[in-house]
Amino acid sequence: MTDWSEGVQRWIEQGRQMMDERAAHIQRMKQCRFDTLAVHGLYGQQTASQNQGSILEPAYLSPSQHFADSDQMEAALAYQLPAWVYSRIHNPTVGWLEDTLALMETYGSDMEAACCATASGMAAIFMATNPFLAHPEPGMNIVASAQCYGGTFMLFSERYARERGVEIHWVKNPVSLEEWADAIDDKTRFVYGEMPSNPGLAVFDIAGVAELAHAKDIPLIVDSTIATPALMRPLLMGADIVVHSVSKIMAASGMAIAGAVISRPEVVSRHLEDHLRENYALQMKLLPFRDHGPGLSPFNALMVLNDLRALRSRTDQMSRSAMAIARFLEQHPAIEAVGYPGLEAHPSHALARAQMRLVDAEEDDQRYGYLLSFNVRGGAQAARRVMDRLQMIYRATDLGRVKTVATIPAISTHQQQGEAGRDLAGIPANQIRLSAGMEDVRDIIADLKQALETA
């Protein structure tokens with residue numbers, strides 16, 4: 001035990017009181033509805049009083065914190081006193097975003113999650129997975145759905161597999177629990193799935209896969225970027241860690257890039273040290289995250305906080321639009337197939353229906369998100385012609401925006417994983433991914449209709 005001086009001990013005791021007050025505030029906020037959590041997070045009247053009375057979270061743009069004396073500095077740098085110290089480690093504005101995301105991800109439960117915000121979604125995926133690959137051993141592997149974002153595919157196949165020798169056991173059909181079970185073995189470090197996937201909108205049974213992973217004493221990590229806590233909360237279904245590209249619908253105005261790692265208490269893993277397993281996101285933030293340095297800008301955190309307040313209502317409208325667009329495309333003669341789990345014809349519709357629901361909505365008020373994909377008859381060139389004829393819909397690699405955006409994954413987001421990698425992930429050259437925005441859906445459909453006229 002560290003022999004703290006009397007002055008440091010006083011600061012440590014003050015820190016304990018601060019944590020007790022925080023815990024009580026968390027319990028009060030857990031009684032609130034989802035929209036209230038999105039608006040307030042843990043930034044309440046007492047915190048406002050400490051920030052010149054500002055009713056909105058202020059931006060702390062200074063990179064470092066001043067300390068009252070050397071005793072406070074010692075206690076803070078030993079992580080014995082709540083402090084922000086330096087923005088690479090923590091920052092008040094970023095902290096309010098983390099608090100809000102943790103509350104939203106565990107909404108409707110007694111679970112208290114921890115969150116670490118990152119500079120991007122890819123930073124979140126790296127920080128969520130990398131600690132599990134410490135102490136390499138022959139045959140060490142990860143199990144992941146091949147139907148995932150192109151950046152995730154490249155991180156796993158290039159940075160982990162080719163550069164570090166980690167075996168990748170790809171699951172081609174994520175709906176099949178048998179395929180997941182066959183891929184997991186005694187050398188697996190973690191299991192990873194995207195629900196629903198980008199761009200194919202594939203789904204998987206989170207509870208079922210979590211059970212398979214936990215039977216081997218390893219964690220399930222879920223990328224829930226497309227769903228967000230407004231539609232699905234994987235931690236409550238058995239997942240250990242959730243990652244988000246917060247840059248998407250959580251920051252729908254498009255003013256910020258950000259990511260998040262959110263963990264449940266006592267992550268299941270025989271490979272982690274006790275302190276990491278007990279509170280993964282927090283300990284990751286204080287140690288490996290501190291050393292790797294993928295910190296989020298406080299200004300970007302503020303932009304996300306302002307967008308996050310309307311997440312539920314925005315998800316509702318954009319999901320309604322996506323469903324209407326999917327039904328239009330489903331009947332269009334120029335379209336071979338539509339990937340949208342809300343369609344009854346989607347092969348995993350029942351599984352998506354069981355796991356995705358608009359939070360705090362009526363019992364039968366289903367929503368399936370804002371993202372869809374469709375395959376154009378006539379091959380790759382036909383898909384390019386449709387893309388090039390779009391007049392209102394933007395051609396970009398973005399998604400989750402208030403403006404509708406389209407891309408061809410084979411030549412953009414998933415280009416670098418190669419043809420074999422795209423075949424593995426089920427991404428054909430004639431597929432267009434569409435992210436429905438906040439425009440009147442009739443205008444979105446009209447633009448698609450005229451673009452498809454010569455497909």
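The values are calculated or read from the model by the stated rules, or taken from the named source; none is laboratory data. Here the structure is a predicted model, which is why all the values come from computation and not from measurement. In this analysis, Cβ positions are derived from the backbone assuming ideal geometry, glycine residues included, and neighbour counts consider all displayed protein chains.
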* Extreme residue, surrounded by the most Cβ atoms within 10 Å (Cβ to Cβ), among residues of the stretch 383-429 that are among the basic types (Lys, Arg) and touching a residue at least 40 places away in the same chain (Cβ under 8 Å) -> Arg401
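Inspect all residues belonging to the stretch 39-58 and state whether any of them is aliphatic (A, V, I, L, M), assigned to a helix (DSSP H, G or I) and surrounded by fewer than 18 Cβ atoms within 10 Å (Cβ to Cβ).
So the first thing to find is which residues in the stretch 39-58 are aliphatic (A, V, I, L, M), and the list is 39, 42, 48, 55-56.
So of that shortlist, the ones also assigned to a helix (DSSP H, G or I) come out as 39, 48.
Okay, now just the ones that are also surrounded by fewer than 18 Cβ atoms within 10 Å (Cβ to Cβ), so 39, 48.
Within the stretch 39-58, one or more residues are aliphatic (A, V, I, L, M), assigned to a helix (DSSP H, G or I) and surrounded by fewer than 18 Cβ atoms within 10 Å (Cβ to Cβ).
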* Applying the selection to the stretch 154-207, what residues are among the small types (Gly, Ala, Ser) and within 15 Å of Leu220 (Cα to Cα)? -> Ala181, Ala183, Gly193, Ala207
* To do: Kindly indicate whether His332 is of a type outside the set (A, V, I, L, M) and closer than 24 Å to Arg442 by Cα.
  => yes
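Conditions tested, residue by residue: (1) under 28 Å from Ile411 (Cβ atoms); (2) of a type outside the set (A, V, I, L, M).
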| site | (1), (2) |
| --- | --- |
| Arg164 | no, yes |
| Glu179 | no, yes |
| Asn198 | yes, yes |
| Leu201 | yes, no |
| Ala210 | no, no |
| Ala215 | no, no |
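Being acidic (Asp, Glu) and either in contact with a helix residue (DSSP H, G or I) (Cβ under 8 Å, 6 or more places away or on another chain) or touching a residue at least 12 places away in the same chain (Cβ under 8 Å) (or both) is the filter here, so list the residues in the stretch 430-452 that pass it.
Residues satisfying the conditions are Glu439, Asp443, Asp447.
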* Which of (1) closer than 17 Å to Lys449 by Cβ; (2) within 21 Å of the chain's Cα centre (by Cα); (3) among the aliphatic types (A, V, I, L, M) does Leu329 not meet, given it meets every other one? -> (2)
* To do: Specify which of the listed residues (Arg233, Arg277, Arg290) is basic (Lys, Arg), assigned by TED's automatic domain parsing to the domain that holds Tyr107, on the phi < 0 side of the Ramachandran plot and surrounded by 22 or more Cβ atoms within 10 Å (Cβ to Cβ).
  => Arg233
* Of Ile432, Ile445, which residue is of a type in the set (Val, Ile, Thr), surrounded by fewer than 21 Cβ atoms within 10 Å (Cβ to Cβ) and farther than 21 Å from Thr228 by Cβ? -> Ile445
* Quick one: would you say Ala68 is among the small types (Gly, Ala, Ser) and assigned to a loop (DSSP other than H, G, I, E, B)? -> yes
